[in-house]
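These notes concern the structure reproduced below.
The values are calculated or read from the model by the stated rules, or taken from the named source; none is laboratory data. This structure is a prediction, so every number in the text was calculated from the model and none was measured. For neighbour counting, all protein chains shown are included, and Cβ atoms are generated from backbone atoms with ideal geometry for every residue, glycine included.
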Amino acid sequence: MTAQDPSSQVSQRLRTVLLLILIFGAVLALKLFYWQILRGPEMQERAADQTASNVPVYAKRGDIVTNDNVLLAKDVFRYNVYVNVPFVKQPEKLAADLAEILQKPRDGLLANFKMNPKERVSVAYLEPLETAQKITKYKAEQGLLNVELEIRPVRVYPNGSFAAAVVGYINGNRAASGGVELFMTSVLSGTNGSLIGRKNALSDFMPHLAFEDNPAIDGAKVTLTIDSGMQRIIEQELGKAIRESRAESGSIIVMDPKTGAILALAVWPAADLNRFFEEVNQGKYGNQTVNALYEPGSVFKIITYAAGLDAGVITPSTCFQDEGKLIIPGAEVYNANRVVAGNVCLVEALRQSLNVEAAKVALMLGTPRFYSYAAAFGFGSPTRVELGGELAGSVNRPGDGIWRDGLHAYNAFGQGFDATPMQTIAAVAAVANGGKLMRPYIVKSIQRATDAEPVEVKPEVVRQVIRPETAKIMTQLLADSIMKESSNLAIVSGYAVAGKTGTSQIMVAGEYDPKQTIASFAGYLPADDPKLVILVKLDKPQSSIWGSHVASPVFASVAKQLVIQAGIVPDAIRLANK
Amino acid sequence: MTQQRILQRQMGRSFSFGDVRTIALIAGLFALLGVLYLVQSTQATYAGRHIRDHKQEIERLQRLNEQLEIDIAASINPDRIAKAALSLGLHPPKEAQIRYKLNLKYPLVLQPAKKSVNPPAPESNGFVDWLRGLWETGARTAEATSR
């Protein structure tokens, strides 16, 4: 046997090693080709899915504040806590730790984990920042991946039921309901943003990798025309009036007649907006000044007489022979309590609130002209005040299928048609404002996050309804009808008041129920230069059915406090300076 | 040249010092690049964490600020203030407690009137006269009644 050449042996081994390396390399290359080329896109997608993070950045809904900067509504962030139960290795320990942080019973949490072994379960809802920070610290310490925090904006109403009807409400699904919240929802909402990037195993962002930051744009801050001092006064007075008259519900509106600005608006009952979701019967908390209709009753006589004077069918010295009833085709009109007043002029007709005389004026005007004035005063169309869900009301006219002969005789004293209290006060304010109908407005300014200066809402003249001279005469008649009756409960010491009571019967099962009424008073002061128009409305009062008994004193009580609040100087002092 | 010498030459070339140096240099370069990358990414991560911490602090302060705004709003609730004032013995003024003082020289410097959207109609003497008359007749009795 000849000895093998050593160089041949080395070469053989080298070739073998080389072959093995080549085979290994080829396998590696094939594998690489398989994973990187053939399944490359799929793998890239899976990797991206595992690390990609698209975190929504919630925009804050804008604040709502009063004219004097009292905060009524604000968004804050709260945290929901979730646990991915399938990834929990020690459920007992996690339940015990979370129970301590969240101040919840450990057994409840544990039971939740055991009942949902394959779910991501919610363990806490709307927790404050302090709790979220404790959770974050705990996660970092324990290196936990199965506990997650989710940030959520929540609406908070720091003043509870204060101005609740004006503000409206945001429910758990962030949907607006009523008030400014609903009307201004597009302005208040803002635009959500997002943070798109990559996260590590602890779900933390990896900022050194490419990411896209789309910041949220917060909603605009809305400043109302509401004065918190006036609002408090009318809320207190309304609550007191409801208790004393044992009325079912009620409302008070205060308006600046020259601009149409709503200075205060109260509705009873009023819910604590922070607990509104707990209410079973949420419907009873609507804003009845715009969301509910009523028959304005004798307050509407202001409109009827103003129209009669403006059209020239009556003059301030017109007198009537009142026989207590008026029978025309389709209508039988009687005065309240079947009073027969005899020879009465306008002031007395207003003072006694005679239905027959109002009906006569409507008949003298004629149907088209009467309804034309009613429409011009804004009845039958929304006032466009910035409160959600405003109703238009319905004034039936000849030819609309519902109207019948004689209806306008009833309409003349505010029965047989529907209106909102907001329409009524706007119409009365038009008389106070020299015949100019102003759009009622409750939003004073809007401050967008992107703008340097707030956008101011300007007063808006809707139309000149009656001539200024007619408005003045009407004011004199109304003031005379109140001020010359010393026992009138609407009198405000030191100030001339112009106004009118209303007692409208409520229709029950197609018939007017004489025992169920809506008692109201609409008036303004000082009569010669009105600064405040006030409408008081009490639904189904029990102590008395009459507006003059239950609504007039509320008007006087409210007005006495508001003139001090608004700094309105008594007439005698003011006139002494003229 | 014998086969033995050829093999020796080949082996000598495979493990020459120059080749090793080149390989080591390349490996060193790769290692350096790796270290640089690691340093960079570590620094970026630290910076990222730093930014995140600051962002969290900003967020915490913002939330705290929001909560304070709400607390302030709740504490200056007009009803609460009124109750607190009443408990301190403060009451709204009664009519008799208010003294109106007219400054006939006011305003000292007349400013041009701002253009009003809806200027009130000019006062006629007739209306003021009517109001004066009203006070002479009705309001006196009203005052008496209200007392």
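Things worth noting here:
- Single residue of A:409, A:432 found to be of a type in the set (A, V, I, L, M, F, W, C) and more than 14 Å from chain B (Cβ to nearest Cβ): A:409
- Only one entry of A:306, A:261 meets the criterion of being out of contact with any strand residue (DSSP E or B) (no Cβ under 7 Å at 6 or more places or on another chain) and touching a residue at least 12 places away in the same chain (Cβ under 8 Å), and that entry is A:306.
- Boolean, residue A:485 is more than 22 Å from residue A:434 (Cα to Cα) and either within 12 Å of chain B (Cβ to nearest Cβ) or in a strand (DSSP E or B) (or both): yes
- Pairs, first closer than 27 Å to residue A:194 by Cα in the stretch A:152-168, second surrounded by fewer than 21 Cβ atoms within 10 Å (Cβ to Cβ) and among the hydroxyl-bearing types (Ser, Thr, Tyr), C-beta under 6 Å, six or more apart: A:153/A:58
- Residue A:75 being of a type in the set (Asp, Glu), surrounded by 20 or more Cβ atoms within 10 Å (Cβ to Cβ) and within 14 Å of chain B (Cβ to nearest Cβ): yes
- Failed criterion for residue A:456 (all others in (1) buried (at least 24 other Cβ atoms within 10 Å of the Cβ); (2) more than 11 Å from every other protein chain (Cβ to nearest Cβ) hold): (1)
- For first residues located in the stretch A:66-89 and on the phi > 0 side of the Ramachandran plot, partners that are surrounded by 18 or more Cβ atoms within 10 Å (Cβ to Cβ) and not in a helix (DSSP H, G or I) and lie 6+ apart or on another chain with Cβ distances below 9 Å form the pairs A:69/A:223.
- Identification of helices (runs of 4 or more DSSP H) wholly contained in the stretch A:329-446 with 3 or more residues that are closer than 24 Å to residue A:506 by Cβ and within 22 Å of the chain's Cα centre (by Cα) yields A:421-432.
- One residue stands out in the stretch A:329-346 among those that are crowded, with 20+ Cβ neighbours inside 10 Å and touching a residue at least 24 places away in the same chain (Cβ under 8 Å): the one that is nearest to residue A:409 (Cα to Cα), namely A:333.
- Being free of Cβ contacts under 8 Å to residues at least 24 places away in the same chain and among the polar types (S, T, N, Q) is not true of residue A:445.
- Count of residues meeting criterion [in contact (Cβ under 8 Å) with a residue 60 or more places away in the chain and within 14 Å of residue A:300 (Cα to Cα)] in the stretch A:364-378: 6
- Of the helices (runs of 4 or more DSSP H) lying entirely inside the stretch A:513-578, those containing at least 3 residues that are within 14 Å of another protein chain (Cβ to nearest Cβ) and modelled with pLDDT under 90 are A:571-576.
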